[in-house]
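Below: the structure, in structure tokens.
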Amino acid sequence: MQRQSAGAGHGAGGDLYAKRKDGSIFPVEISLSYFYKENTLLSVGYIIDITAKKKAEQTLLEHKSRIQQLNAELEQKVADRTHALMATLHQLERSKDELAKALVAERELGELKSRFVSMASHEFRTPLSAVLTSASLIGKYPTTDQQDKRLRHVHRIKSSVNHLNNILEEFLSVGRLEEGRLEADWAWVDLPGLVTEVVTDLQDMLKTGQQVQSELDCPQPVRSDPSLLRKILVNLLSNAIKYSSDNQVIHLKVHCQVDVFQLIIRDHGIGISTEDQKHLFERFFRARNATNFAGTGLGLHIVARYLDLLGGTIELTSELGEGTTVILTFPSL
């Protein structure tokens, strides 16, 4: 009989093995019993062949190891499937959000198209009718002494054509902005000179007795986009002229500092309600008290987008019947 070192889980005593007559080794267990015989302590040992037991234990260990392996594989599969499921759910959620946004965008586009058709049909019809009427009336004044009447209708035609051009320019500007095809073209700008040119160009728009008073405090050139600045000024000054009555003054102040410059436009026109001010920069929005004036509702939306390109900000304060003040602030790069 011999003892071998115990394997894992077999205790510190190790395993016992016995040798048969044919020399083969087999695992055994020994059981001892004690008894007395004639006051002498005797013991009896039983050697038990546990080959079958050992095989059963080995099989059990193998099965346990296999089960653990299968559990690990199953857990990994569950983790992988869970991860895949979460990814799918995330993708579905994102697709749902994208679909919802697409539906909202489609709905907004439909509303914009409807508003555009309604606005365009009205805004184009009025100047076109004026052109047609004036062109017809010019033919009724053939003599030289009726030149003043002809000139009045020629002026009306020019004004209507300019109005149509402005509408088309606004539509084109919105299209370029929405497509991201418009960028700032930076250059050094003589701001007082630019402002003077814009005010001069708008003289024909002035109503009876109206005037634009300019206060120019900007001795040095500023870094900006002259084309975008001109369009911003034309839009805001045109609004001030349009929504002001005869004999009123529109104030325009230009103030430059080292790193910023400001354009301040103040009128004494019809003003804008507090509720309407919340929506002024939305596409096609028009204040409720401005519906009797020609306009597309795109001007201030375009101004806001131009300001984004130039890194500028706008501050608007207004009261109904008291007028409006607009303060534009730009970085002077």
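Among what's in region 282-310 and is open to solvent by 50 Å² or more (accessible area, probe 1.4 Å) and outside any helix (DSSP H, G or I), pick the residue that is nearest to Ser238 (Cα to Cα).
Restricting to residues being open to solvent by 50 Å² or more (accessible area, probe 1.4 Å) and outside any helix (DSSP H, G or I), the top hit is Phe293.
Does Leu137 fit the bill of being out of contact with any Phe, Trp or Tyr (no Cβ under 9 Å at 6 or more places or on another chain), modelled with pLDDT of 65 or more, aliphatic (A, V, I, L, M) and open to solvent by 90 Å² or more (accessible area, probe 1.4 Å)?
No; evaluated as a whole, the condition is false for this residue.
Say we look at region 192-206 and pick out the residues that are open to solvent by less than 20 Å² (accessible area, probe 1.4 Å) and out of contact with any Ser or Thr (no Cβ under 7 Å at 6 or more places or on another chain); which of these is nearest to Lys158 (Cα to Cα)?
Out of the qualifying residues, it is Val198.
Of the residues in region 207-233, how many are open to solvent by less than 50 Å² (accessible area, probe 1.4 Å), out of contact with any strand residue (DSSP E or B) (no Cβ under 6 Å at 6 or more places or on another chain) and in contact (Cβ under 8 Å) with a residue 40 or more places away in the chain?
So the answer is 5.
Search region 274-286 for residues that are on the phi > 0 side of the Ramachandran plot and pair each with any residue that is of a type outside the set (Lys, Arg) when their beta-carbon atoms are under 6 Å apart and the residues are at least 6 apart or on different chains.
Final answer for the pair search is Phe284/Gly297.
Out of Ala102, Ala72, I need the residue that is of a type in the set (Gly, Ala, Ser), under 47 Å from the mean Cα position of the chain (by Cα), at pLDDT 90 or above and open to solvent by less than 100 Å² (accessible area, probe 1.4 Å). Which one?
Ala72
Would region 265-281 turn up any residue that is of a type in the set (Val, Ile, Thr), open to solvent by 20 Å² or more (accessible area, probe 1.4 Å) and touching a strand residue (DSSP E or B) at 6+ places or on another chain (Cβ under 7 Å)?
The answer is yes; a qualifying residue exists.
What pairs come up if the first residue lies in region 29-57 and is in contact (Cβ under 8 Å) with a residue 24 or more places away in the chain, the second is of a type in the set (Gly, Ala, Ser) and in a strand (DSSP E or B), and their beta carbons are under 8 Å apart, counting only those six or more places apart or on different chains?
The qualifying pairs are Ile47/Ala18; Asp49/Ala18.
Can you tell me which residues in region 311-333 are open to solvent by 60 Å² or more (accessible area, probe 1.4 Å) and in contact (Cβ under 8 Å) with a residue 40 or more places away in the chain?
Residues satisfying the conditions are Glu319, Leu320, Glu322, Leu333.
Residue by residue through region 205-236, note down the ones that are assigned to a helix (DSSP H, G or I) and more than 30 Å from the chain's Cα centre (by Cα).
Met205
Residue under question is Gln248, and the condition is that it be in contact with a Gly (Cβ under 8 Å, 6 or more places away or on another chain) and of a type outside the set (Gly, Ala, Ser); does it hold?
Against the criterion (in contact with a Gly (Cβ under 8 Å, 6 or more places away or on another chain) and of a type outside the set (Gly, Ala, Ser)), Gln248 qualifies.
The values are calculated or read from the model by the stated rules, or taken from the named source; none is laboratory data. All of these numbers come straight from a predicted model, not from anything done at the bench. Cβ sites come from the backbone with ideal geometry, for glycine too, and all protein chains shown count toward neighbours. Note: accessible area is taken over every heavy atom of the protein model, side chains too, but ligands, DNA and RNA are not part of it. Shrake-Rupley method; radii C 1.70, N 1.55, O 1.52, S 1.80 Å.
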